[in-house]
Amino acid sequence: MLFLDVTSSCKSAKNTGMQRTTRALYLHLRNRLPVAPICWNRTGRCYQHLGRWEMEILQSPFRVLSKATAKPEWRGETTFAELYRLVFRKRFRLENQVTPADILIIPDFCSGIRTKRLPELIERTGVRSVAIFHDAAALRLPRLSDKAQMRFQNYLKSLAAFAQVICISHESRDDLLRRWHEYGNSPTTTRVEPWPIEFDRAVRAPDSVGPRNMIACVGSFEPRKNHLTLLAAAEKLWLHGHDFELQLVGRTTDYYAPKMLPAVWRLQRRGRPLRWLRHVNDETLHDVYRSCRFTVYPSLFEGFGLPIAESLWHRRPVVCGGNGALGEVAQGGGCLIVDQTNADALAAGMKKLLSDQEAYARLCAEARARRFRSWSEYIEKLLKHLQLCRGRR
């Protein structure tokens, strides 16, 4: 049996990169072997089986919440919702369920007492354990409280107890190995397996672009996504008479909304063609990719950079930075690499793809030529890793 921790992907319709990939991982793994999705209840400090509601969210989140919303987690991730699950969902002790023949996969960040209990469980039961590591942004771009940073450090330390850690980029693996060295952890087996990109070909953008100059930016409103620099760059172009619409797609966060939302509203009051579509369903997201001329991804740091790959899959060029994992995705073509920390540089890149038809056509051709592996190819590679996986007793 494969036990898959889907805690962050079964409680609400939130659909950032981590949730998108965890949901796809579950849907493809269950076609190959028996999978038991499990969920951690932070109030009860225990694992639980999923109920009908959680299974629906895991498999089809937008059947539960199809409308655009700023905070999709408001419904399903509250303390009240956790208490409800604690009462009406079956809880169990994972150490009594797993054996050395079983597999445990943790595909997302975990915190709190789980970072202590999971290493103990792995040692006690000998279960074959695999973690998927996304990034160390919390420590590379420290805007968190000391307490939150300590929680993340504990998470990184706990990963050393797993039989294997699969990193989604070389940048992520380098960061993880560096932190383990700093913390005095003995490194476990690490592998690099970037996420696959695969959608129904019916939703793919056509080669041609409509008459509208629309630029899209997909990403949650949080500091490292660097939206404020993007807004400053867009305003520079609007002031110089460039005609384009900017569409922002993504959820907001409580700690960043007071900075980000007033900046959006100020530009809208000036009559700028700026739209915030909020957190949207997959159908709307694909429509945004199909409708845009190109996308901008001004993020300062990523473990992978899923919106870059999604844009390229849709044959749409991307203006983005070239540092770390962003560069790993961008270097294959279709991307105009700029200094995303500088509004002038970002504006220059956007201007180039708005006005330089030769450069735009070249990047479109490069985007069309990009090939990303499918989920079936990713699962085949993952299953090979699992065959080599041994418990750490």
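The values are calculated or read from the model by the stated rules, or taken from the named source; none is laboratory data. These figures come from a predicted structure and were not determined experimentally. Cβ atoms come from the backbone with ideal geometry, glycine included; neighbour counts cover every protein chain shown.
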Original post:
Do you know which residues across region 313-338 are closer than 18 Å to His286 by Cα and β-branched (Val, Ile, Thr)?
Top reply: Val318
Original post:
When you go through (1) crowded, with 17+ Cβ neighbours inside 10 Å; (2) within 21 Å of Lys384 (Cβ to Cβ) one by one for Asp108, which number turns out not to apply?
Top reply: (2)
Subject >> Residue check, Ile379 assigned by TED's automatic domain parsing to the domain that holds Ala24 and within 25 Å of the chain's Cα centre (by Cα) >> reply: yes
Original post:
Which of the residues that make up region 127-181 are among the acidic types (Asp, Glu), modelled with pLDDT under 95 and either in the same structural domain as Lys225 (by TED's automatic domain parsing) or more than 17 Å from the chain's Cα centre (by Cα) (or both)?
Top reply: Asp146
**OP:** Mind listing whichever residues of region 94-114 are out of contact with any Leu (no Cβ under 8 Å at 6 or more places or on another chain), part of a loop (DSSP other than H, G, I, E, B) and either under 21 Å from Arg30 (Cα atoms) or at pLDDT 90 or above (or both)?
**Re:** Gln97, Thr99, Pro100, Ala101, Asp108, Phe109, Ile113
Subject >> Matching strands (runs of 3 or more DSSP E) fully within region 1-61 where at least 3 residues are under 18 Å from Thr78 (Cα atoms) >> reply: 35-41, 46-49
Original post:
Which condition number does Ala70 fail, the rest of (1) surrounded by 15 or more Cβ atoms within 10 Å (Cβ to Cβ); (2) in contact with a strand residue (DSSP E or B) (Cβ under 6 Å, 6 or more places away or on another chain); (3) within 24 Å of Met1 (Cα to Cα) being met?
Top reply: (3)
Original post:
Does Glu182 count as exposed (fewer than 14 other Cβ atoms within 10 Å of the Cβ), among the acidic types (Asp, Glu) and out of contact with any Ser or Thr (no Cβ under 8 Å at 6 or more places or on another chain)?
Top reply: yes
**OP:** Would you mention how many residues in region 274-290 are part of a helix (DSSP H, G or I) and hydrophobic (A, V, I, L, M, F, W, C)?
**Re:** 2
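Answer yes if at least one residue in region 335-347 is in a helix (DSSP H, G or I) and more than 11 Å from Leu230 (Cα to Cα), and no otherwise.
No, because not a single residue in region 335-347 is in a helix (DSSP H, G or I) and more than 11 Å from Leu230 (Cα to Cα).
Looking at Arg91, Arg23 in this structure, which one is of a type outside the set (Asp, Glu) and buried (at least 18 other Cβ atoms within 10 Å of the Cβ)?
Arg23
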**OP:** Could you list, in sequence order, all residues of region 221-273 that are assigned to a loop (DSSP other than H, G, I, E, B), in contact with an Asp or Glu (Cβ under 9 Å, 6 or more places away or on another chain) and at pLDDT 95 or above?
**Re:** Arg270, Arg272, Pro273
